[in-house]
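Everything below concerns the one structure shown next.
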Amino acid sequence: MSTPTLAFTDAVTAPTPYAAGLSEGRADAATTSPKVTAVRASWIAEFADPAYSAGYRDGLAFDRDLEAVLRTRLGRS
């Protein structure tokens, strides 16, 4: 009986720092108060990778912009 071997041809690719920040920013915008996300954004801007920081900021902005558009379209400004 032979021992099975593992092939690592299907390696999982980690997201880029920007994509990771974008995902976290969108998640925080959807689940956390604006006051908390403002503090997190300032910490991330100061201490995190610049690409992650840019993604986080864009993730927060995307969700805010999306919410504003939906409220306007639904007449709930």
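Just so you know, all these numbers are worked out from the coordinates, no wet-lab data involved. Small disclaimer: the values here were computed from a predicted structure and weren't measured. Cβ placement follows ideal geometry from the backbone for every residue including glycine, while neighbour counts extend to all protein chains displayed.
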task: Just grab the label-to-label distance for A30 and D65, each label 7 Å out from Cα along the Cβ direction, in nm (one decimal).
output: 1.8 nm
query: If you bin the C-alpha pair distances of region 27-77 every 10 Å from 0, what whole percents do you get?
result: 26, 46, 21, 7
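Taking the Cα centre of region 19-77 as the origin, how large is its charge dipole in debye, to the nearest 20, when only Lys and Arg (+1) and Asp and Glu (-1) carry charge on their Cβ atoms? Write out the running numbers ahead of the final one.
On the way: 8 positive and 8 negative charges, 74 e Å.
Dipole size: approximately 360 debye.
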- request: Read phi for every residue in region 45-58 and hand back ³J(HN,Hα) as whole Hz from Karplus 6.51 cos²θ - 1.76 cosθ + 1.60, θ = phi - 60°, with x for Gly and Pro.
  value: 4, 7, 10, 8, 4, x, 5, 4, 4, 5, x, 4, 4, 5
message: I'd like to compare 39-45, 61-67, 19-25: which one has the highest average count of other Cβ atoms within 10 Å, and what's the full order after that?
response: 19-25, 39-45, 61-67
